[in-house]
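Q: This structure is in structure tokens; I'll ask about it shortly.
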Amino acid sequence: MVKSYWAIFHLSLVGCILLLGLLLLILIFMRRQFLAQKYGLIKLVALSVVLLIFFVFSGANFIRCCEDYHYVANGLFEEEKAKVLGFTYSKKDYDGNGQIINAKPKFYLIDRNEIVVLYAKDVEVGKTYLIRYYPNTKICEVLQEVQ
């Protein structure tokens, strides 16, 4: 769980820095590379918009990681009994085996009486588990099945 957190933290931070740097380089060299060409202004605007969109997504992930930083730094997490209600994402594996891949399970937190979607593996619908998770990044770890 901690490794996943730090991977997302570092990737989003590096993504923000690189995308902002690319955007600044484009703006610095826009006369020579874009405005001197035919349809250069359109290319400049299109590339800038694409980089800004990726920057916003990367920044949103970084902000979520920053909100959970005090949990990771202090070794804290939310621990709950939760029942799996279903999956929010299902995909059929087209490799010929007909397997269905389920992801993003919907958990009913029994003590809090609320439903959350977390990133967890190896859970089945209808079973109750003891889970640990970070509330903002939704990174989850299943500890054991509870009867």
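Q: Just tell me the longest site-free run in the chain, where the sites are trypsin sites (Lys or Arg not before Pro) in a DSSP loop having at most 10 other beta-carbon atoms within 10 Å. Show your work: numbers first, answer last.
A: Working: sites that count: Lys38, Lys121.
Maximal segment without exposed cleavage sites: 39-120.
Q: Using the alpha-carbon centroid of each, what span in Å lies between the stretch 72-102 and the stretch 121-147?
A: About 8 Å separates the Cα centre of the stretch 72-102 from the one of the stretch 121-147.
Q: Taking only protein heavy atoms and a 1.4 Å probe, what accessible area per residue, in Å², does the stretch 19-147 have with all protein chains in place? Spell out each step's value before the answer.
A: Numbers: 8840 Å² over 129 residues.
Heavy-atom accessible area per residue stands at 69 Å².
Q: Also: Restricting attention to the stretch 42-102, which chymotrypsin sites (Phe, Trp or Tyr not before Pro) occupy a DSSP loop and are surrounded by at most 14 other Cβ atoms within 10 Å? Working shown, then result.
A: Working: sites: Phe54, Phe55, Phe57, Phe62, Tyr69, Tyr71, Phe77, Phe87, Tyr89, Tyr94; in loops: Phe77, Tyr94.
Of the chymotrypsin sites (Phe, Trp or Tyr not before Pro), the ones in loops of the stretch 42-102 whose Cβ has at most 14 other Cβ atoms within 10 Å are Tyr94.
Q: If you don't mind, another one. Cα convex hull of the stretch 67-119: mean projected area in nm², to one decimal? Working shown, then result.
A: Details: hull surface 21.6 nm².
Average of the hull's projected areas for the stretch 67-119 equals 5.4 nm².
Q: Next up: Taking Cα atoms, how many degrees apart are the long axis of helix 40-67 and the longest axis of the chain, rounded to 10 and kept between 0 and 90?
A: Between helix and principal axis, roughly 30 degrees.
Q: If you don't mind, another one. So how many Å³ per residue does the convex hull of the Cα atoms of the chain work out to? Don't skip to the end; give the middle numbers.
A: Working: hull volume 22.9 nm³, N = 147.
Dividing the Cα hull volume of the chain by its residue count gives 156 Å³.
Q: Simple spin-label model, 7 Å along Cα-to-Cβ: Glu145 to Tyr89 in nm?
A: With each label placed 7 Å out from Cα toward Cβ, I get 2.5 nm.
Q: Suppose every Lys and Arg Cβ carries +1 and every Asp and Glu Cβ carries -1, with no other charges. What dipole size does the chain come out with about its Cα centre, to the nearest 20 debye? Walk me through the numbers on the way to the answer.
A: Working: 17 positive and 13 negative charges, 174 e Å.
In debye, rounded to 20, the chain gives about 840.
Q: Roll a 1.4 angstrom probe over the protein heavy atoms and tell me the percent of accessible area of the chain that is carbon or sulfur.
A: Numbers: 6090 of 10040 Å².
Reported share for carbon and sulfur atoms: 61 percent.
Q: Could you give the angle, 0 to 90 degrees to the nearest 10, between helix 2-28's Cα long axis and the longest principal axis of the Cα atoms of the chain?
A: 10 degrees
The values are calculated or read from the model by the stated rules, or taken from the named source; none is laboratory data. None of these values were measured; they are calculated from a predicted model. Cβ sites come from the backbone with ideal geometry, for glycine too, and all protein chains shown count toward neighbours. In case anyone asks, the SASA skips ligands and DNA or RNA and just uses the protein heavy atoms, side chains included. Shrake-Rupley method; radii C 1.70, N 1.55, O 1.52, S 1.80 Å.
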